[in-house]
1. Which residue pairs have Cβ atoms under 7 Å apart, sit 6 or more places apart or on different chains, and have a first residue in the range 96-115 that is assigned to a helix (DSSP H, G or I) and a second that is aliphatic (A, V, I, L, M) and surrounded by 10 or more Cβ atoms within 10 Å (Cβ to Cβ)?
2. How many of the residues in the range 22-80 are surrounded by 15 or more Cβ atoms within 10 Å (Cβ to Cβ), in a helix (DSSP H, G or I) and among the small types (Gly, Ala, Ser)?
3. Looking at Gly42, Gly112, can you tell me which residue is at positive phi and either within 30 Å of the chain's Cα centre (by Cα) or among the acidic types (Asp, Glu) (or both)?
4. Considering only the range 124-146, state which residues are surrounded by 11 or more Cβ atoms within 10 Å (Cβ to Cβ), of a type outside the set (Asp, Glu) and either closer than 22 Å to Leu107 by Cα or modelled with pLDDT under 85 (or both).
Amino acid sequence: MKGHKQVKSREDLETLIEKAIQKVHGDKENDLCKYLPGPIGGYMHHFTLRKLKTSDPKQLTALLQEFIINADTPRALDPKPRAPRGSRKRRDLLNFSRTDIERVLELARQVGDDDLLARFSPRRSLPSLKRELIRAIRDNKINQELWNAYAETIMTLESAELTPVN
């Protein structure tokens with residue numbers, strides 16, 4: 001008996017949906033969405049409408065009755081307000097070209113500002129640092145900056161290995 005009641009209520013819902021589509025002069029089920037309020041403002045998303053059809057047909061019936069069938073003239077709702085395009089972009093960030101960074105690095109070398117050099121220098125992999133150090137040793141050249149980068153990389157790797165991962 002219960003299965004028969006579900007089929008009848010499903011048929012009633014389909015009939016109600018057809019009636020609502022005609023009342024809003026729509027062509028398909030999705031045209032009803034603009035007349036039904038969504039759960040968090042604006043109008044209902046078509047996925048939500050389709051989900052309500054199976055998960056909570058009583059609620060969908062009540063919404064259709066209230067906002068379309070029993071309304072003298074169904075009113076289309078405004079869409080949910082959204083943030084304007086580009087609103088998440090940071091306006092205060094500066095874009096440096098590669099040549100700008102090279103100039104900053106050169107000035108930092110001239111002044112001897114190791115902190116600035118470390119901050120703007122590109123991070124190099126351990127194998128590339130080893131190759132450069134070996135090349136410098138073969139050429140009998142001393143490059144303190146290269147040695148410092150190598151030592152910092154080794155210390156960073158060792159501290160990462162010692163830090164427990166949760």
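1. Leu105/Leu117; Ala108/Leu116; Ala108/Leu117; Arg109/Leu117
2. Summing the residues that are surrounded by 15 or more Cβ atoms within 10 Å (Cβ to Cβ), in a helix (DSSP H, G or I) and among the small types (Gly, Ala, Ser) in the range 22-80 gives 0.
3. Going through Gly42, Gly112 in turn, the sole match is Gly42.
4. Those that are surrounded by 11 or more Cβ atoms within 10 Å (Cβ to Cβ), of a type outside the set (Asp, Glu) and either closer than 22 Å to Leu107 by Cα or modelled with pLDDT under 85 (or both): Arg124, Asn143, Leu146.
Every residue, every condition in (1) of a type in the set (Asp, Glu); (2) in contact with a helix residue (DSSP H, G or I) (Cβ under 9 Å, 6 or more places away or on another chain), yes or no:
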{"residue": "Ala71", "(1), (2)": "no, yes"}
{"residue": "Pro74", "(1), (2)": "no, yes"}
{"residue": "Leu77", "(1), (2)": "no, yes"}
{"residue": "Asp100", "(1), (2)": "yes, no"}
{"residue": "Ala108", "(1), (2)": "no, yes"}
{"residue": "Asp115", "(1), (2)": "yes, yes"}
{"residue": "Phe120", "(1), (2)": "no, yes"}
{"residue": "Ala151", "(1), (2)": "no, no"}
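The values are calculated or read from the model by the stated rules, or taken from the named source; none is laboratory data. Just so we're clear, the structure is a prediction, and the values are computed from it rather than from any experiment. Don't worry about glycine lacking a Cβ; one is built from the backbone with ideal geometry, like all the others, and counts go over all protein chains shown.
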